[in-house]
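> This is the structure, below, for whatever I ask next.
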Amino acid sequence: MSIAPDTTVVLGHRFATEVPEIALRWQAEAAPDPRLLVLNESLAAELGLDPEWLRGPDGIGLLVGTRLPTDAEPVAQGYAGHQFGGWTPRLGDGRALLLGELTDTEGRLRDLHLKGSGRTPFARGGDGLAAVGPMLREYLISEAMHALGIPTTRSLAVVATGRTVQRETPLDGAVLARVAASHLRVGTFQYVAAAGEVDVLRRLADHAISRHYPGAAEADNPYLTLLDSVIAAQAELIAQWMLVGFVHGVMNTDNMTISGESIDYGPCAFMDTFDPKTVFSSIDSFGRYAYGNQPAIAVWNLTRLAEALLALIADDQDRAVELATESLQRFPQLYSAAWVAGMRRKLGLRDAIDDGTAQELSEELVELLERERVDYTSFFRRLASGAVEPAFEAWAARWRSLDPDVEAMQRVNPVYIPRNHLVEEALTAASTGDMEPFERLLRVITSPYDERSGFERYAEPAPEDFGSCFQTFCGT
Ligand code: AMP
Ligand code: MG
């Protein structure tokens, strides 16, 4: 029985109150026939929401944005962005809404946000809608990332709306309820900076500091410290992506968060065969967002953030540029330290092994992986169990001489990732109304280190014929 009346859901509106200039009050479009497709019960519990209540009419009304607590102030957020390097001064939530902020059971503020909830004033030519497939895809990938210990926005639910969405073919519409530390992006700062309103920019920066890096408020230069904090968080995040073979696919500045969480899973995917040139997005014809380019693109995006913050960093703009440049120059070192630390874990290297050795061994392995074109994820599990192909023998002999902890390796190297062919298979079944393959895949990838018999197929790379021409479409 449902025990929680809707009045127990408290949705704050700090963002809307503190930065009203970029928060447009807006309402979700009605969903003619809402049907809950998937609910994240453990995340609901973490947010203090009763899963049973969420499954009922009031809960589903919350999840599609049509039945909100009376004090809620849903808003479409404004932001700009560089998309594939080209500047777009006004993007914003064209088909999304920030319903407000929930306080989770640990007292942390978490955005509750909808994607696919109808057109907003930022919609430009778009219909404001989302189809079931891409929303289930975001659900799967974000929950896999979370299970792999990688900072990410979370997925609370996908609700089919009963509305038809016209893409190349008519598709079933859906709304994704997404949870994030916040939805502040590099593009949010670009939007406000481009408008030249320094007082709004300062308020936005203070809002970001108070939500994500409260320590920065005490620093000598809080806004430079904010920049440093985002640089450090993104260096750590991108290293995590690289370590699991994740390709984001659309690292536009509007898709890079201030919190350091991964966001906006469109044409993203995990690599099977190791190849730094791997690109999945059908629209990324020049490979700008290829696997191997991600650290460099992160610096490019963070440089746009630094530019947006210059007015706050120092009154003298030459001095501000100097300070921001020093901060940006620290990225490679931070990234490399995070990557080597991760490779140490993946290779089971003990603390006694010095970093120089760890780095050299890791870099040589990357060269071999690329040359031999092996399946990236399963390589580390096979290595731990003593199975390496002949081309790796010399390298492996050196690795073995360091007495690696092979049991520890099984706890950090995933058996199961959401491989593209499995994701496609699950989404194809879901599009015919069969959610079973989706649910099974979700169970597998949310316990990624726990090898289970009967699930061998889920650990294997795509069959040859699925192969290299696989692309995920931005479409949405
Ligand atoms: P994304 O590719 O999801 O990061 O979106 C980039 C921008 O396009 C954002 O401003 C979105 O709000 C907007 N957008 C994407 N799809 C739609 C749509 N179907 N209707 C309206 N706006 C959209
Ligand atoms: Mg986006």
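The values are calculated or read from the model by the stated rules, or taken from the named source; none is laboratory data. As the structure is a prediction and not an experimental result, all values here were calculated from the model. FYI the Cβ positions are ideal-geometry reconstructions off the backbone, even for glycines, and counts take in every protein chain you see. Surface areas here come from the heavy atoms of the whole protein model, side chains and all, with no ligands, DNA or RNA. Shrake-Rupley method; radii C 1.70, N 1.55, O 1.52, S 1.80 Å.
> Per residue, how large is the accessible surface of the chain? Use a 1.4 angstrom probe and give square angstrom.
Ligands and nucleic acids excluded, the figure is 40 Å² per residue.
> What accessible surface, in Å², does a 1.4 Å probe find on LEU109, ignoring ligands, DNA and RNA and rounding to the nearest 10?
The accessible area of LEU109 comes to roughly 50 Å².
> Quick check: residue separation of ARG382 and GLN329 times 0.36 nm, minus the Cα distance between them. What number comes out in nm? Walk me through the numbers on the way to the answer.
Numbers: separation 53, 0.36 × 53 = 19.08 nm, distance 3.71 nm.
Once the chain is fully extended between ARG382 and GLN329, it gains 15.4 nm.
> Here is a further query. Heavy-atom accessible area of ARG398 with all protein chains present, probe 1.4 Å, nearest 10 Å²?
Solvent-accessible area, nearest 10 Å²: 100 Å².
> Considering the zone a paramagnetic label at ALA217 would reach in this model (a point 7 Å from Cα along the Cα-to-Cβ line), which residues of the stretch 173-208 have amide N under 11 Å from it?
206-208
> Now for a different question. Suppose every K and R has +1 on its Cβ and every D and E has -1 on its Cβ; what is the size of the dipole of the chain about the Cα centre, in Debye to the nearest 20? Kindly include the intermediate steps, with their values, before the conclusion.
Numbers: 42 positive and 67 negative charges, 152 e Å.
Roughly 720 debye for the chain.
> Hey, if we sort LYS277, LYS346 by accessible area with the 1.4 Å probe, largest down, what's the order?
On the way: LYS277 140, LYS346 15 Å².
I get LYS277, LYS346, largest accessible area first.
> Further question on the same structure: Figure the gain on full extension for ARG35 and ALA195 (residue separation times 0.36 nm, minus the Cα-Cα span) and round it to one decimal in nm. Don't jump to the answer; show the numbers that get you there.
Numbers: separation 160, 0.36 × 160 = 57.60 nm, distance 4.12 nm.
So the extension gain works out to 53.5 nm.
> Right, next: For the stretch 419-458, which GluC sites (Glu not before Pro) are both in a DSSP coil and crowded by at most 16 other Cβ atoms within 10 Å? Walk me through the numbers on the way to the answer.
Working: sites: GLU424, GLU425, GLU439, GLU451, GLU456; in loops: GLU451.
Of the GluC sites (Glu not before Pro), the ones in loops of the stretch 419-458 whose Cβ has at most 16 other Cβ atoms within 10 Å are GLU451.
> A further question on this structure: In nm, to one decimal, how far is the GLU393 label point from the GLU18 one, both placed 7 Å along Cα→Cβ?
In this crude spin-label approximation the distance works out to 6.1 nm.
> Quick one: grab Rg to one decimal and Dmax as a whole number for the stretch 389-472, Cα atoms only, in Å.
16.7, 53
> Residue separation times 0.36 nm, minus the C-alpha to C-alpha distance between ARG25 and ARG167: what's the value? Don't skip to the answer; put the middle values down first.
Numbers: separation 142, 0.36 × 142 = 51.12 nm, distance 2.78 nm.
Roughly 48.3 nm would be gained on extension.
> Using C-alpha positions alone, give me the convex hull volume of the chain per residue in cubic angstrom.
Convex hull volume per residue, Cα atoms: 156 Å³.
> Here's a follow-up. Quick check on the chain: helices-only [θ] at 222 nm, where DSSP H runs of length 4 and up contribute -39,500 (n - 2.57) each and the sum goes over total residues. Nearest 500, please. Don't skip to the answer; put the middle values down first.
On the way: 17 runs with 199 residues, N = 476.
Per the formula, -13000 deg cm²/dmol.
> Against the empirical 2.2 N^0.38 Å scaling, what ratio does the C-alpha Rg of the stretch 1-103 come to? Please list the in-between numbers first.
Numbers: Rg = 15.7 Å, N = 103, 2.2 N^0.38 = 12.8 Å.
In units of the 2.2 N^0.38 Å rule of thumb, it is 1.22.
> Would you report the distance distribution of C-alpha pairs in the stretch 219-305 as whole percents per 5 angstrom bin, up to the bin with the largest distance?
3, 15, 26, 25, 15, 8, 4, 2, 1, 0
> How large, in percent, is the carbon and sulfur part of the accessible surface of the chain at a probe radius of 1.4 Å? Please report the intermediate quantities before stating the final value.
Working: 10020 of 19210 Å².
Carbon with sulfur: 52 percent of the solvent-accessible area.
> Let me ask something additional. By the gyration tensor of its Cα atoms, with a ≥ b ≥ c the square roots of the eigenvalues, what is the shape of the stretch 14-180: rounded for a/c under 1.5, prolate for a/b over b/c, or oblate?
Because its axes are fairly even, with a/c under 1.5, the stretch 14-180 counts as rounded.
> Picking from PRO89, LEU49, GLY116, whose Cα lies most toward the positive end of the charge dipole for the stretch 14-180 (charges on Cβ: Lys, Arg +1; Asp, Glu -1)?
Farthest towards the positive end: PRO89.
> Now, a different point. Within the stretch 64-79, list the residues whose amide N lies under 17 Å from a label point set 7 Å along Cα→Cβ of ARG90.
76-79
> Quote the charge dipole size of the stretch 14-180 about the Cα centre in Debye, to the nearest 20; the model charges only the Cβ of Lys and Arg (+1) and of Asp and Glu (-1).
Values: 17 positive and 21 negative charges, 114 e Å.
The dipole of the stretch 14-180 has a size of about 540 debye.
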